[in-house]
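To keep things clear, I will list the structure first and then write my remarks on it.
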Amino acid sequence: MKRLDNAEIIKKYDKKNYCHNIIHMPQNIFWGYDKCKINLTDTFEAKKYERVVIFSSANDLISAKLIKEAFHKIAKISVFTIDTKVFYDRNDLVILLDYNLSDDNSLKIYNSFAKIECDFAIISTEKLELTKNSMQVVLNKMEKELALPYTFTALIKVLENYKIIPSQADEIKSVIASLITRAGALAEHVDTNYNFGKLSAEKLENKIPFFVAENRDLENLALIWQK
């Protein structure tokens, strides 16, 4: 019997029950997209913007980079960490992505919105006061290792509301359906020979993984995954 087919061994390493959470993640992503909590100001309206500026905490940077890679042909999207000094103006849409909103730099960016009078959006688990033409996607609190799909989906909702991109509902449904059909194969009760997760774990055991980017746009993502 393969070691990863032993439930007791899995529990020894999977102390936070990530296996269960990953299996149910496709449904949760769909519910998050379809029923996520969105707060809009009374005067909210979509305008034409010269650029989308995303400030992201280091932990959430992958979501922002993926969004830029996915939609760079539709809109001019710039991604920065929240400790980067960037000049932006009222012609930009500024998005602050900080899951836990725990960095002082995030609050500095938030406070700068009033001075620059730009349209902005906030994505976090902590609710902040909104002013002028702004919105917030309030995320549910969960383990930070599981936040990527939800921060990515929240960014899509922001871009949709500001009319930067068309509705992604059909694409989301298609991807979710595909993920649901694959999720069962990751379940701990599935034998290693048919389980992508277990096969990958066995192949990587005692080896050093290398992350290779197929183009320059994904190079930073590979570095983040490697870390």
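A few comments on the model shown:
- Of the trypsin sites (Lys or Arg not before Pro) in the stretch 176-207, the ones in a loop by DSSP (not H, G, I, E or B) with at most 12 other beta carbons within 10 Å are LYS207.
- With the simple spin-label model, which puts each label point 7 Å out from Cα in the Cβ direction, the VAL190 to LYS144 separation comes to 3.0 nm.
- Among the chymotrypsin sites (Phe, Trp or Tyr not before Pro) found in the stretch 46-154, those both in a DSSP coil and sparsely packed, with 11 or fewer other Cβ atoms within 10 Å of their Cβ, are PHE87.
- 13 Å Cα-Cα reach of LYS47 towards aspartates and glutamates, excluding residues that sit fewer than 8 places from it in its own chain: ASP92, ASP119, GLU160
- Dipole of the chain [Lys/Arg +1, Asp/Glu -1 at C-beta], most positive-end residue of VAL212, SER56, ILE176: VAL212
- For the residue pairs LYS132/LYS173; LYS35/LYS127; LYS37/LYS141, the alpha carbons lie more than 24 Å apart in LYS132/LYS173.
- Per-residue HN-Hα couplings for the stretch 29-38 [Karplus 6.51, -1.76, 1.60; θ = phi - 60°; Hz; x = Gly/Pro]: 5, 5, 5, x, 6, 7, 9, 5, 7, 10
- Rounded to whole numbers, the Karplus 3J(HN,Hα) couplings from phi for the stretch 182-192 are 8, 4, x, 6, 8, 4, 5, 7, 7, 4, 3 Hz, using 6.51 cos²θ - 1.76 cosθ + 1.60 with θ = phi - 60°, and x at Gly and Pro.
- Each Lys or Arg adds one and each Asp or Glu takes one away; over the other residues whose Cβ falls under 12 Å from the Cβ of ASP89, this sums to -1.
- Computed 3J(HN,Hα) for the stretch 46-53, one whole-Hz value per residue from the Karplus formula 6.51 cos²θ - 1.76 cosθ + 1.60 where θ = phi - 60°, is 7, 10, 8, 10, 6, 7, 9, 10, glycine and proline marked x.
- Tensor-based shape of the chain (alpha-carbon gyration tensor, a/c under 1.5 rounded, otherwise prolate or oblate): prolate
Every number here is computed from the coordinates shown, using simple stated rules; none is lab data. No experiment lies behind these values; they were computed from the predicted model shown. When we count neighbours, we look across all protein chains shown, and the Cβ atoms used for this are built from the backbone with ideal geometry, even at glycine.
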